[in-house]
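This is the structure I want to talk about, given as structure tokens.
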Amino acid sequence: MSSRPPMTQKGADRLRLELEHMKGPKRQAIIAAVAEARAHGDLKENAEYHAAREEHGFNEGRIAELEAALSNSEIIDTERLTVGKRIVFGAIVDLIDVDTDTEVTYQIVGDVEADIKKGLIAVSSPIARALIGKSEGDEFDFTAPNGVKTYSIEKVRYS
């Protein structure tokens, strides 16, 4: 088994697009903003210059972060997984909160690509760890920040 952190193919594709944008158009816009601000004269009291330099630093940091994540991750094409209805990395899971009858859908993804607003939960998160190994039709308890929740696993799919 690999010690490299997993990442979905779709997540890797999204990060590559972000990286291309940050290395290309975004970097060029920041360089232009720094040059324009520098042309205004005294750099010590030039707020635009300092803001542009700070944005440059953030952009270069994000570029380094994305390059490291992409080069150190094991990319997994979840469309090729053949695990049936058992939940493993990459699974898209429809859950029903047994107490409130509320439905939620999550996909278990790599830590760097997780985004709860998009329903992408990190494989290392407590709920993902509770889901791994379960199957469609199972119920499980999960300790959330606001107490214990019981979920029913309605559907498991991979795409």
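Counting helices only, and only those DSSP H runs with n ≥ 4, report the 222 nm mean residue ellipticity of the chain as the sum of -39,500 (n - 2.57) divided by its residues, in deg cm²/dmol to the nearest 500.
Calculated at 222 nm, the ellipticity per residue is -11500 deg cm²/dmol.
Using alpha carbons only, how many degrees (0 to 90, rounded to 10) separate the axis of helix 9-21 from the longest principal axis of the chain?
With rounding to tens, the tilt is 10 degrees.
Ser159 label point, 7 Å along Cα→Cβ, cut-off 11 Å on backbone N: hits in the stretch 59-92?
The answer is 92.
Would you mind checking the stretch 3-29 for residues with the amide N under 11 Å from a putative spin-label position 7 Å along Cα→C-beta of Glu79?
Residues 9-10 qualify, since their backbone N sits under 11 Å from the label point.
How many percent of DSSP beta bridges within the chain run antiparallel, rounded to 5?
Here the share of antiparallel DSSP bridges comes out near 75 percent.
Calculate the length of the line joining the C-alpha centroid of the stretch 80-99 to that of the stretch 1-75, in whole Å.
The two parts, judged by their Cα centres, are 34 Å apart.
Could I ask something else about it? Helix 47-72 versus the longest principal axis of the chain: what angle, 0 to 90°, nearest 10, using Cα atoms?
Roughly 40 degrees, rounded to the nearest 10.
Over the stretch 78-157, what is the relative contact order in whole percent, taking alpha-carbon pairs under 8 Å and six or more residues apart?
Working: 149 pairs, mean separation 27.7, N = 80.
RCO, the stretch 78-157: 35 percent.
Turning to a different aspect of this structure: Which angle between 0 and 90 degrees, to the nearest 10, do you get for helix 27-38 versus the longest principal axis of the chain when only C-alpha atoms count?
Approximately 30 degrees, to the nearest 10.
Can you tell me the length gained on complete extension of the stretch Lys44 to Glu18, counting 0.36 nm per residue apart and subtracting the Cα distance?
Numbers: separation 26, 0.36 × 26 = 9.36 nm, distance 3.26 nm.
Full-extension gain reported as 6.1 nm.
Starting at 0 and stepping by 10 Å, how many percent of the alpha carbon pairs of the chain end up in each bin?
10, 30, 23, 17, 12, 6, 1
Net charge around Ile76, counting only other residues with Cβ within less than 14 Å of its Cβ (Lys, Arg = +1; Asp, Glu = -1)?
Numbers: positive: Arg4, Lys10, Arg80; negative: Asp13, Glu74, Asp77, Glu79, Asp111, Glu113.
The answer is -3.
Only the coordinates and a few stated rules stand behind these numbers; no lab work does. Since the model is a prediction, treat every value here as computed from it, not as a measurement. Because the Cβ atoms are built from the backbone with ideal geometry, glycine has one as well, and the counts that use them run over all protein chains shown.
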